[in-house]
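Since every read-out is calculated from the coordinates, none of them should be taken as a lab result. These numbers come from a predicted model, not from an experiment. Ideal geometry is used to build each Cβ from the backbone, glycine not excepted, and the neighbour counts take in all protein chains shown.
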Amino acid sequence: MGAEWVRQLTQRGWRVVLTARSRAKAEEAATPLLAEGAKVLPRALDVSDEASIASLFRALEGELEALDLVVNNAGVNPKDHPDPTLFRRTFELTELDPDAVTECIRTNGVMPVIVAKHALPLLRRSTSPLVLSISSWLGSIGEKSMGGHYGYATSKAALNMMNRAMALQLRDAGIVAVVVNPGWVQTDMGGARATLTTEESVGGMLRNVVDRVTLVDSGKFFQWDGSEHPW
């Protein structure tokens, strides 16, 4: 989904910082876009490592005049981990591992806000700054209708609360922060049976959320189609 965000934003004429855990992977992803004339800056970023986050934004402060949009798209789902025991240790009560659950919460729930923390100097230079973090329907307490999934579901619920806290704190600075459920999307995580393509999901989030939200919407939980999601 990250690649689709970059593709659609560059098609709009945006200059996009494309990140991956290594500079080589970022440059590989950027190569076809650069060949088409897109404005892409490939950079290394490990969102699980605050030192990596701080290093990226220190460098970007010297390269960019401002930052209008942060998309927190990176995350982990234990069900996709090469070690199948990790999923069971975050899903099954009888095998529940507090360290595995906590690491999932840290990566998905806390680190997107740490990204925003280090992006603040550049966001403050923008006339319409927005932080958009990808959540999930599994993070909705009201919509929770199945047992298990302690790690991933709790991590997204934590993200929703972390974003709400941040949004209220940044309101006076004019910075909007929202969380969005992208829908069931045909990605490695969503699978081939998912109902939305990445193009439909990202396009919907751009048109219905990025293009429309204002400061009064800051702190809200949206669907990809712009409707509000139950908490």
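Assorted remarks:
- Sparse-neighbour loop sites [chymotrypsin sites (Phe, Trp or Tyr not before Pro); the stretch 1-79; at most 13 other C-beta within 10 Å; DSSP]: none
- Computed about the Cα centre, the dipole magnitude for the chain is approximately 420 debye when only Lys and Arg (+1) and Asp and Glu (-1) carry charge, each at its Cβ.
- The trypsin sites (Lys or Arg not before Pro) of the stretch 159-231 meeting both criteria, a DSSP state outside H, G, I, E and B (loop) and at most 12 other C-beta atoms within 10 angstrom of the site's C-beta, are Arg193, Arg212.
- Using the Cβ-Cβ distance between Thr214 and Glu95 with R0 set to 45 Å, the FRET efficiency from 1/(1 + (r/R0)^6) comes to roughly 0.50.
- Residues whose placed amide H lies under 5 Å from that of Leu41, excluding near-sequence neighbours: Val16, Val17, Leu18
- Restraint check, Lys25/Lys144; Lys117/Lys156; Lys39/Lys144; Lys39/Lys117, Cα-Cα greater than 30 Å: Lys25/Lys144; Lys39/Lys144
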